[in-house]
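Asks: Dumping the structure here so I can ask a few things about it.
The values are calculated or read from the model by the stated rules, or taken from the named source; none is laboratory data. Model, not experiment: these values are computed from the prediction. Methodologically, a virtual Cβ is constructed for each residue, glycine included, from the backbone with ideal geometry; neighbour enumeration extends over all protein chains shown. For the accessible areas, the whole protein counts, side chains as well, though only heavy atoms, and no ligand, DNA or RNA atoms are used. Shrake-Rupley method; radii C 1.70, N 1.55, O 1.52, S 1.80 Å.
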Amino acid sequence: MSKVEILHAGSGKSLFTLNAAPSTSILELKKQVCEKRKGLYPGRVDLKPKQRGKGYGDSDTLASLGLHAGTKLYLKDLGPQIGWVTVFLAEYAGPLVLYLWCFTRPWPLYDAGAAAKPVTTAAKVACACWTIHYAKRLLETLFVHRFSHATMPLSNLFKNCSYYWGFTVFVAYHVNHPLFTPPARPLFITGVVLFTLGELGNLSIHWALRQLRPAGSRVRRIPQPTVNPFTALFSAVSCPNYTYEFVSWLGFTVMTQCLPAGLFTAAGMYQMTVWALGKHRNYKKEFPEYPRGRKAILPGVL
Amino acid sequence: MCIAAEGLFPCVQKPDVDLLPEQLVFRAEGLGNSGNQLYSFTLDLFQQVIPEETQYQVSDRNVQVTLTKEDEEWWPHLTRQKTKLPWLRVDFDRWRSESEDEAEGRDVMSDYPDVYDRLLQEETAPRDNRLNNFRESYLIMYNLWQLLGFAVILGKLAFRYRLEGEDSMLKAYDTAGVNMKLAQGLQVLEILHPLFGMTRGGVLEPLMQVTGRNLMLFVVLEGEPRMQTKPAVFYLFVVWSLVELVRYPYYTLRIIRRELSFITWLRYTIWIPLYPLGFITEGVLYLRALPYFEETGRFSLAMPNAVNMAFHFPTVLKALLLCAFMPGRLMVAGELSEHCETAYLVVMRHMYRQRRKVIGPAKVKQQ
């Protein structure tokens with residue numbers, strides 16, 4: 001039996017020591033930590049080699065990490081955790097419900113009598129598109145995605161929901177407004193086509209990524225194009241799902257000619273670009289044979 | 001007579017030294033960041049050397065090349081050109097000067113103090129020394145110009161107050177409005193300075209201050225003439241100017257690496273009365289402006305329009321005020337949420353922490 005010293009990641013102070021054998025896993029150590037500290041559960045405990053940086057995985061053992069007797073580990077409380085699936089469902093159910101509610105022109109948002117005024121075809125189609133998009137996202141969360149992580153910090157729930165729900169009301173208020181003016185026919189058709197292509201593409205990529213990762217595992221492999229023509233974009237970018245998502249929202253903006261929708265598209269694109277650049281960097285670090293010509297999110301550009 | 005040259009490489013294979021009478025060519029394969037690469041450099045020597053008498057030794061960490069000069073003479077520099085190569089450094093341990101031949105134990109430093117100092121300065125100072133001087137000169141000029149600007153504002157206000165008494169307080173915008181717009185407008189540069197690495201510190205603090213002040217000045221006051229004659233504008237201009245009158249001298253002193261303890265004390269103390277005064281004054285002005293903007297509809301956009309967006313400026317202003325002025329933080333699920341703090345609370349706490357760091361906590365009485 002050897003000793004592992006546990007230090008507080010924030011202050012660097014020594015907290016206590018634990019008993020461990022080379023075959024002891026990180027998860028078992030975390031459970032021991034939770035016995036010493038009430039209110040913690042393994043999901044919110046991070047054990048790491050340095051004060052800053054990433055923690056060890058639950059399934060690693062002391063032997064597999066090359067840690068010996070007397071080693072020091074830093075303990076960080078990640079805060080109350082919530083399941084990823086839970087967060088995604090809340091994030092996407094909100095926009096679905098809220099947009100449909102705004103479509104009915106309710107009294108808190110509009111004047112009395114607004115509901116009786118005519119609704120343009122463009123507004124109806126936009127509502128259908130929005131609903132399809134978020135219904136698709138909910139179904140994907142339940143049946144398609146294989147998540148790398150189980151939980152995330154609770155504060156993320158409020159941050160993410162504020163973003164999605166807030167933007168939903170911002171966009172929906174304007175598109176469903178009685179004084180909404182639809183774009184010219186050709187633009188409208190273009191928007192619908194772009195949206196459809198984006199949605200189909202995005203779904204194709206999600207499906208391909210699912211096929212890449214066996215059930216219950218967390219392996220990562222280099223994604224490659226499949227028989228589905230939409231997946232050809234893998235040859236050009238690391239994260240074509242984000243590219244297609246951008247195309248979808250671009251389509252929505254064009255079909256509604258609505259500045260709030262444009263702002264929503266821009267905000268989403270910014271965040272997705274940040275994620276894509278990170279994923280692209282990780283791919284290149286993890287796979288030395290990663291194809292050189294691929295960009296992160298925009299073919300040939302970024 | 002020899003020159004020893006030393007190259008340091010991460011992992012060198014097959015080093016190849018080629019010596020022509022006036023050139024040293026070095027080639028090697030090395031394992032670097034991008035994998036196995038071929039490295040090489042060419043040095044044009046000051047004068048001729050004897051290629052046949054060149055020797056080089058390869059050790060684990062470096063390659064030592066010894067060159068034998070054709071003529072026994074002192075070289076002012078190794079290369080033919082006087083320009084300094086960024087990767088070429090003098091090893092002062094082996095430095096030998098002219099008069100050393102007679103007495104071995106003499107101190108090299110005293111022989112050519114100017115040359116030695118200059119070389120040391122060039123070797124150890126930041127590479128872009130000229131750039132650094134430009135940066136410092138520019139910042140000093142900016143700070144002094146702004147200091148002058150705000151001093152003029154205060155001067156004008158004080159002068160008019162002497163002449164006209166309390167009546168002048170209704171005419172502050174008329175008196176110093178143009179000066180204030182110039183000075184505040186120029187403050188946008190203070191966002192660019194940390195952004196381009198010219199000063200240390202974050203971009204967020206200057207961004208918040210400049211945005212807040214310019215919103216008040218260029219949108220609320222400029223956008224509604226009836227606001228310009230409110231007495232609160234007088235207090236606003238005075239408070240803003242007083243803060244800057246201390247901040248800019250403090251920065252200038254920092255740049256020239258001097259300190260006047262009085263200025264430092266002022267810098268970290270004057271915010272205690274002035275920031276709250278500033279918040280209150282700005283709050284009063286925003287509240288008084290709301291009905292005017294409801295009436296005129298300025299900065300508001302009504303539907304229908306080509307971008308299908310409605311923007312009601314007074315509503316947005318109210319939302320901003322809520323975010324900026326409401327005290328306290330949100331308790332979210334029993335955990336304090338960092339993201340929902342009000343702007344002014346953040347600023348006050350930041351200054352308080354800075355003060356403790358610089359001036360220190362209240363001293364305990366000694367027994």
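Asks: Do you know which residues across segment B:305-346 are open to solvent by 80 Å² or more (accessible area, probe 1.4 Å), at pLDDT 75 or above and in a loop (DSSP other than H, G, I, E, B)?
Replies: Answer for segment B:305-346, where residues must be open to solvent by 80 Å² or more (accessible area, probe 1.4 Å), at pLDDT 75 or above and in a loop (DSSP other than H, G, I, E, B): just B:HIS312.
Asks: Given the criteria among the aliphatic types (A, V, I, L, M) and farther than 30 Å from A:THR253 by Cα, does B:LEU317 qualify?
Replies: No: the conditions fail for B:LEU317.
Asks: Go through A:ALA128, A:ALA122, A:ALA116 for me and flag whichever is open to solvent by 80 Å² or more (accessible area, probe 1.4 Å) and over 20 Å from the mean Cα position of the chain (by Cα).
Replies: A:ALA116
Asks: Hey, another quick one. Looking at segment A:1-31 only, could you name the residues that are closer than 26 Å to A:TRP84 by Cβ and not in a loop (DSSP other than H, G, I, E, B)?
Replies: A:SER25, A:ILE26, A:LEU27, A:GLU28, A:LEU29, A:LYS30, A:LYS31, listed by residue number.
Asks: Select from segment A:53-96 the residues that are hydrophobic (A, V, I, L, M, F, W, C), under 24 Å from A:LEU40 (Cβ atoms) and within 14 Å of chain B (Cβ to nearest Cβ) and list them in ascending order.
Replies: A:LEU78, A:ILE82, A:VAL87 - these are the residues of segment A:53-96 that are hydrophobic (A, V, I, L, M, F, W, C), under 24 Å from A:LEU40 (Cβ atoms) and within 14 Å of chain B (Cβ to nearest Cβ).
Asks: Looking at this structure, is A:ARG218 surrounded by 15 or more Cβ atoms within 10 Å (Cβ to Cβ), in contact with a Lys or Arg (Cβ under 9 Å, 6 or more places away or on another chain), of a type outside the set (Val, Ile, Thr) and in contact (Cβ under 8 Å) with a residue 12 or more places away in the chain?
Replies: Taking the combined requirement at face value, the residue does not satisfy it.
Asks: Further, regarding this structure: What pairs can you find where one residue is in segment B:251-263 and within 20 Å of B:ASN132 (Cα to Cα) and outside any loop (DSSP other than H, G, I, E, B), the other is acidic (Asp, Glu) and at pLDDT below 90, and their Cβ atoms are less than 9 Å apart, with a gap of 6+ or different chains?
Replies: From segment B:251-263, the pairs are B:LEU253/B:GLU259.
Asks: Are any of the residues in segment A:144-161 away from every other protein chain (no Cβ under 14 Å), at negative phi and in contact with a Cys (Cβ under 8 Å, 6 or more places away or on another chain)?
Replies: no
Asks: Quick one: how many residues across segment A:179-215 are open to solvent by less than 40 Å² (accessible area, probe 1.4 Å) and either of a type in the set (Ser, Thr, Tyr) or in contact with a strand residue (DSSP E or B) (Cβ under 6 Å, 6 or more places away or on another chain) (or both)?
Replies: Matching residues across segment A:179-215 total 1.
Asks: Can I ask one more? Restricting the search to segment A:264-297, which residues are within 14 Å of chain B (Cβ to nearest Cβ), open to solvent by 20 Å² or more (accessible area, probe 1.4 Å) and in contact (Cβ under 8 Å) with a residue 60 or more places away in the chain?
Replies: Passing the criteria: only A:GLU289.
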